[in-house]
Amino acid sequence: MHAAAFFDLDRTLIKRSSVLALAGSFRRRGLISRLDLVKSAFWQVLFVLRGASAERVRSAAEDGMKILDGFSVAEMQHLVGDAMETVLRPLVYEEPLRLLERHRARGEQVYIVSATLQEIVQHIADDLGFDGAVGSLCEIVDGVYTGRTLRAAHGAGKADALRELAAAEGLDLELSTAYSDSYSDVPFLEAVGHPVAANPDRKLRRIAAERGWPVVRFAS
């Protein structure tokens, strides 16, 4: 059993929602409409201003799965690959990458854990040099998404997915560290011995103060 470090993706490792960042690519591939794009921008503004409730994150994640119906895994991997250098990499904070190296220097494995689709999170993790990734799972039949959610890695489900990873990889969660910005990730943060509030929303900032959790700010 050994320690590890777990990083949330959106607004923790990168500066905005990964799905919203990819929305233009999704629209060009016909996955979403212009109206969907406007709705995504609206919810992004609400998230920044108020923080997202666990129910809102759950609803958004399941809606996102439904629009994948009929889209192939190969197309998704190609889409994310095309967007990595021009869209996603410029959004990555430098500070968590330095933290990644510190954890690795202590012999700890490093993972991204996110409510975003597994294939998106995995591609980002591979590109940035993480040891692995955990994301939400959509059912795949014959290489094509069906739109049915198999694993929703948000709220309590995110904590459950973290525990499954720890059991499979022999990780000691009590010795491990987790970073997140969102109140909806409190169960995820509570699952480790060293929770860290990174760029926390208002509710998470209050909980961190009450519980004495460290708070870090990523700016560049």
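The values are calculated or read from the model by the stated rules, or taken from the named source; none is laboratory data. It should be emphasised that the depicted structure is a prediction, and the values quoted were computed from it without experimental measurement. Methodologically, a virtual Cβ is constructed for each residue, glycine included, from the backbone with ideal geometry; neighbour enumeration extends over all protein chains shown.
Can you tell me how many residues in segment 182-218 are assigned to a loop (DSSP other than H, G, I, E, B) and either in contact with a Phe, Trp or Tyr (Cβ under 8 Å, 6 or more places away or on another chain) or at pLDDT 95 or above (or both)? Step through it out loud before you land on a result.
Applying the first criterion (assigned to a loop (DSSP other than H, G, I, E, B)) to segment 182-218 yields 182, 191-193, 199-201, 212-214, 217-218.
Imposing the further condition that a residue be either in contact with a Phe, Trp or Tyr (Cβ under 8 Å, 6 or more places away or on another chain) or at pLDDT 95 or above (or both) reduces the set to 191-193, 199-201, 212-214, 217-218.
The qualifying residues number 11.
Output the residues belonging to segment 154-164 that are assigned to a helix (DSSP H, G or I) and within 15 Å of PHE6 (Cβ to Cβ). Before the answer, list the steps.
At the first step, the residues of segment 154-164 found to be assigned to a helix (DSSP H, G or I) are 156-164.
Within segment 154-164, GLY157, LYS158, ALA159, ASP160, ALA161, LEU162, ARG163, GLU164 meet the criteria.
Can you tell me which residues in segment 123-133 are on the phi < 0 side of the Ramachandran plot and either surrounded by 20 or more Cβ atoms within 10 Å (Cβ to Cβ) or in a loop (DSSP other than H, G, I, E, B) (or both)?
Passing the criteria: HIS123, ILE124, ALA125, LEU128, PHE130, ASP131, ALA133.
Out of all the residues in segment 147-173, which are at pLDDT 95 or above, closer than 26 Å to ALA74 by Cα and over 13 Å from the mean Cα position of the chain (by Cα)?
Within segment 147-173, just LEU165 meets the criteria.
Can you tell me which residue among ALA125, ALA197 is without any contact (Cβ under 8 Å) to a residue 24 or more places away in the chain and out of contact with any Gly (no Cβ under 8 Å at 6 or more places or on another chain)?
Details: ALA125 fails: out of contact with any Gly (no Cβ under 8 Å at 6 or more places or on another chain).
Going through ALA125, ALA197 in turn, the sole match is ALA197.
Can you name the helices (runs of 4 or more DSSP H) wholly within segment 1-105 that have at least 3 residues being modelled with pLDDT of 95 or more?
On the way: elements: 18-21, 23-28, 34-50, 54-66, 73-83, 94-105.
Qualifying helices (runs of 4 or more DSSP H): 94-105.
Any residue in segment 110-121 that is among the small types (Gly, Ala, Ser) and under 18 Å from ALA21 (Cβ atoms)? Even if it seems obvious, please write down each step before you answer.
So in segment 110-121, the residues among the small types (Gly, Ala, Ser) come out as 114-115.
Subsequent filtering for residues that are under 18 Å from ALA21 (Cβ atoms) retains 114-115.
Among the residues of segment 110-121, at least one is among the small types (Gly, Ala, Ser) and under 18 Å from ALA21 (Cβ atoms), which makes the answer yes.
Does any residue of segment 134-153 turn out to be touching a residue at least 60 places away in the same chain (Cβ under 8 Å) and part of a helix (DSSP H, G or I)?
Checking segment 134-153: not a single residue is touching a residue at least 60 places away in the same chain (Cβ under 8 Å) and part of a helix (DSSP H, G or I).
Taking the conditions exactly as written (assigned to a strand (DSSP E or B), of a type in the set (S, T, N, Q) and surrounded by fewer than 20 Cβ atoms within 10 Å (Cβ to Cβ)), does THR116 satisfy them or not?
Values: assigned to a strand (DSSP E or B): yes; of a type in the set (S, T, N, Q): yes; surrounded by fewer than 20 Cβ atoms within 10 Å (Cβ to Cβ): no.
Against the criterion (assigned to a strand (DSSP E or B), of a type in the set (S, T, N, Q) and surrounded by fewer than 20 Cβ atoms within 10 Å (Cβ to Cβ)), THR116 does not qualify.
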